[in-house]
Amino acid sequence: MVDKEQTLAGLERAVVSGKKADSIKFANDVIQSGIKPLEAIDGGLIKGMMVVGEKYAAHQIFLPQVLLAADAMYGALDVLLPHIPREAAAKRVEMVIGVVEGDVHDIGKNIVKTMFTAAGFNVHDIGRDVPAETFVTTSKTNNAQVVAMSTLMTPTMDSMKATVDALVEEGLRSQVKIIIGGAPTSQDFADEIGADMHAVNAQDAVAKVKAAL
Amino acid sequence: MADKMNHIERAMAALQNQPVDRLPCYPIACGVQRKLLNNGAGITYHEWATDPKKFADAFIAGQRYFDHDFAIGLMDLSVMAGDLGAHVRMDEQNTPFVDDPVIKNIEDYEKLQVPNIKDPKTRSHVLVEGTRQFVQELGKEVITAGFIEGPLLVLTQARGAEFVFKDMYDNESSRAAVHKALATITEFDKELVKAFGREAKPAGLVWDYLWGSYSCLGDTEYEEFEGQHKYAGCLNELTAKEGMAFCVHNCADLPHLDTQVKAFKPAIYSMAYYPLIPGSPSAKEVIAKGYSDNCLMAGNIDPQGYVRWSPEKMQKVTMNLCNEVTTALKAKGLGGRYCIASGCEVPPSVATKLENIKMCVDTTKQYGTFA
């Protein structure tokens with residue numbers, strides 16, 4: 001007999017310690033024992049990622065540990081998400097995230113994606129070096145409420161403006177909150193290109209988007 | 001105000017903590033200086049980053065136009081990964097970058113081999129030869145330096161940073177594979193150090209030790225995968241042994257200053273400032289905390305300013321930084337131990353305003369004095 005509290009604690013522990021095999025095992029225990037997957041996500045995975053986020057912000061752990069924790073979370077999510085009832089899944093905020101065209105630096109984007117996933121968003125990761133049209137079509141297809149884009153390089157900052165312009169042209173602008181990030185960006189730049197907000201890190205991004213919705 | 005020292009006198013005085021006529025200045029203008037070639041029409045980044053003569057010509061043209069105190073031969077951060085076999089994408093006017101890593105799985109870490117950098121087809125050769133050419137032309141006017149990527153930076157370019165970071169701690173065999181690759185890249189770096197020291201002969205060599213950042217790695221992780229007692233330590237020693245001043249550039253946020261300044265003991269350390277990131281040290285904090293006591297610190301104008309600001313704003317920012325720095329240096333009883341510079345490379349974008357680079361240099365000449 002699987003104990004619910006122990007299983008959720010196991011999931012949390014697996015995420016915090018970055019043990020993907022363990023998180024998958026506990027996720028399978030969740031399914032087999034009839035624990036609601038959403039409870040496991042909230043009470044295990046998200047709880048674990050929150051601990052990871054806090055420790056990272058406090059410089060108690062660093063990128064390698066965060067990335068392994070994210071892997072552990074995604075491993076369990078792969079098991080749990082197909083079992084979430086459709087109506088519950090539909091309540092999640094749809095978000096599109098990508099690195100803009102001309103840039104392939106995606107480590108920051110991946111951390112941001114992880115934190116939004118942990119915060120309960122349904123994140124559509126369209127990868128790196130993404131043309132404006134792909135942001136538009138993915139936003140349209142998924143009824144996105146949030147578009148997040150990043151770049152690490154100066155020359156590709158213009159691709160952010162091109163993406164905002166494309167969302168405007170397609171009539172999607174009023175439906176989405178647009179957040180940008182990456183070393184060369186700033187709130188001034190966000191204002192200049194018509195984005196809604198800028199964040200300096202993943203936790204800042206989650207807090208700002210949540211407040212804006 | 002007219003300069004009372006020449007560039008080398010000023011830089012040497014600053015390095016030795018002697019009085020200077022004004023603060024030294026070097027906006028890290030490298031790729032952007034290609035815009036001065038071809039009678040001002042510029043050349044593509046690809047042309048600049050693959051032809052030693054054009055690479056050198058841009059630094060020479062930049063020196064004539066801007067009148068810097070240093071010349072530092074940064075090309076881009078995909079030179080060594082490209083020579084290890086990663087595919088480098090070269091857009092016309094964008095900094096080249098790796099778009100297809102050479103290490104795709106754990107086994108590939110062990111397959112890395114030190115390339116033959118004498119081969120003219122390698123960009124390492126272009127870098128060393130290009131550096132040699134501008135050193136020959138400018139070496140008697142300014143302090144020149146080559147620019148080289150540290151082993152962990154090269155590995156993250158060759159594999160992808162996210163994979164490297166995970167492989168460091170995923171399991172013992174992946175961790176061992178990361179170390180094996182770092183050892184190979186360290187040998188590659190040693191070959192390059194010797195080539196710089198024996199062929200190009202710059203006064204200094206600037207190491208990019210980007211991952212020494214508390215946003216990325218802690219002290220323990222950094223020590224294990226690059227640190228003073230690991231790969232970086234022997235490379236830093238070799239740099240001095242080959243007759244070049246050992247220098248470091250790290251434009252990451254929250255740099256490991258105790259390790260990279262106090263333990264590594266570079267002659268020059270250049271860094272960025274991120275006002276939005278809690279804990280990012282400003283110029284005055286860096287000086288107050290003693291990092292300028294034994295090192296010429298350099299920074300920290302926002303590189304974006306060279307693209308986006310008006311010349312008037314660049315002047316104001318540079319004036320403020322000069323004032324902040326001279327006040328802090330005086331309080332510590334130091335000479336010219338801070339170089340007014342950009343926090344990272346001046347963006348090599350076509351949109352970068354050359355007048356802002358000139359404004360930064362000219363403003364430092366006027367307001368970087370200790371009067």
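Rule-based calculations on the coordinates, nothing more; no lab input. Predicted, not measured: the structure shown is a model, and the values here were computed from it. Positions of Cβ are backbone-derived with ideal geometry, glycine not excepted, and every protein chain shown enters the neighbour counts.
Worth a mention:
- Residue-count net charge about residue A:105 - beta-carbon cut-off 11 Å; Lys, Arg +1, Asp, Glu -1: -3
- Computed label-point distance, nm, for sites residue B:140 and residue A:55 using a 7 Å Cα→Cβ extension: 6.0 nm
- Label-to-label distance, nm, for residues given as residue B:277 and residue B:350 (7 Å Cα→Cβ offset): 3.1 nm
- Under 17 Å from the residue B:263 label point (7 Å along Cα→beta-carbon), backbone N, the range B:134-176: B:150-153
- Shielding of A:98-108 by partner chains, average beta-carbon count, 10 Å: 3
- Here B:293, A:78 are placed in order of increasing Cβ neighbour count within 10 Å, fewest first, which gives A:78, B:293.
- Under the simplified labelling scheme, the residue B:116-residue B:172 pair shows an inter-label distance of 4.0 nm, with each label point 7 Å from Cα along Cα→Cβ.
- Counting beta carbons within 10 Å around each of B:308, B:159 and listing the fewest first gives the order B:308, B:159.
- Here the sum of -39500 (n - 2.57) over DSSP H runs of 4 or more residues, divided by the residues of chain B, equals -13000 deg cm²/dmol at 222 nm, to the nearest 500.
- Averaging the sequence gap over all C-alpha pairs within less than 8 Å and six or more residues apart, then dividing by the number of residues, gives the range B:1-114 a relative contact order of 21 percent.
- Bridgeable aspartates and glutamates around residue A:91 (alpha carbons under 20 Å apart, same-chain partners fewer than 8 residues away excluded): A:39, A:42, A:78, A:125.
- Sorted by Cβ density within 10 Å, fewest first, the residues B:78, B:282, A:33: A:33, B:282, B:78
- The range B:1-63 and the range B:182-246 have Cα centres spaced 23 Å apart.
- For the range B:176-253, the relative contact order works out to 44 percent when only alpha carbon pairs closer than 8 Å and six or more residues apart are counted.
- Paramagnetic label zone (point 7 Å from Cα along Cα-to-C-beta, residue B:179; backbone N under 18 Å) in the range B:231-275: B:231-235
- Chain B: relative contact order as a whole-number percent, Cα under 8 Å and 6+ apart: 22 percent
- Mean-position separation - Cα centroids, the range A:125-186 and the range B:75-114, in angstrom: 27 Å
- ³J(HN,Hα), Karplus 6.51/-1.76/1.60, whole Hz, each residue of the range B:197-208, x for Gly, Pro: x, 9, 10, 7, 6, x, 5, x, 9, 9, 9, 8
- Charge tally in the Cβ shell below 13 Å around residue A:149, where Lys, Arg are +1 and Asp, Glu are -1, residue A:149 excluded: -3
- FRET E, pair residue B:240, residue A:87, Förster distance 56 Å, beta-carbon r, rounded to 0.05: 0.25
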